[in-house]
1. Take the solvent-accessible surface of the protein heavy atoms, probe 1.4 Å, and return the percent of it on the chain that carbon and sulfur atoms account for.
2. When all alpha-carbon pairs of the chain are counted, what percent fall beyond 21 Å?
3. Simple spin-label model, 7 Å along Cα-to-Cβ: residue 54 to residue 66 in nm?
4. Probe of 1.4 angstrom, ligands and nucleic acids ignored: what's the accessible area per residue over the range 5-90, in square angstrom?
5. Defining a contact as two alpha carbons under 8 Å apart and six or more residues distant in sequence, what relative contact order in percent does the chain show?
6. What number, rounded to the nearest 500 deg cm²/dmol, is the helix-based mean residue ellipticity at 222 nm of the chain, given -39500 (n - 2.57) per DSSP H run of at least four residues and division by all its residues?
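The values are calculated or read from the model by the stated rules, or taken from the named source; none is laboratory data. Keep in mind that this is a model prediction, so the values were computed, not measured. No Cβ is skipped: glycine too gets one built from the backbone with ideal geometry, and neighbour counts run over all protein chains shown. In case anyone asks, the SASA skips ligands and DNA or RNA and just uses the protein heavy atoms, side chains included. Shrake-Rupley method; radii C 1.70, N 1.55, O 1.52, S 1.80 Å.
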Amino acid sequence: MTVPLTWYLILSGILFSIGAVGVLIKRNALVIFMCIELMLNAVNLAFVTFSRQQDSMDGQIFVFFVMTVAAAEAVVGLAIIIALFRNKATVNVDDINIMKW
């Protein structure tokens, strides 16, 4: 029994939607950060699905690039969140206004 490729794409779309809604609704920087990671993994799932459908390795190569970007984003993002928490003692994005005039 094989799972149809459309189911993978539907799952990818659902995961991406959950991540996008989380980024738009949540105020906690860590939750927003995890939602971005969820969106990147949804894109990875779509890349692998299309790669499998086309019998090509191109999608899987793109997945490695996306994973590299996600790892770099995790390192830089967590460092920024930790630095902000040390200065402001909060991770609520509404309370962090150091870039505002």
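1. On the way: 5320 of 7430 Å².
Reported share for carbon and sulfur atoms: 72 percent.
2. Numbers: 2308 of 5050 pairs.
When all Cα pairs of the chain are counted, 46 percent exceed 21 Å.
3. Each label point is offset 7 Å from its Cα along the Cβ direction, giving 1.3 nm.
4. Details: 5830 Å² over 86 residues.
About 68 Å² of surface per residue is accessible.
5. Values: 80 pairs, mean separation 26.5, N = 101.
Once divided by the residue count of the chain, the mean separation gives 26 percent.
6. Calculated from helices alone, the mean residue ellipticity at 222 nm is -27500 deg cm²/dmol.
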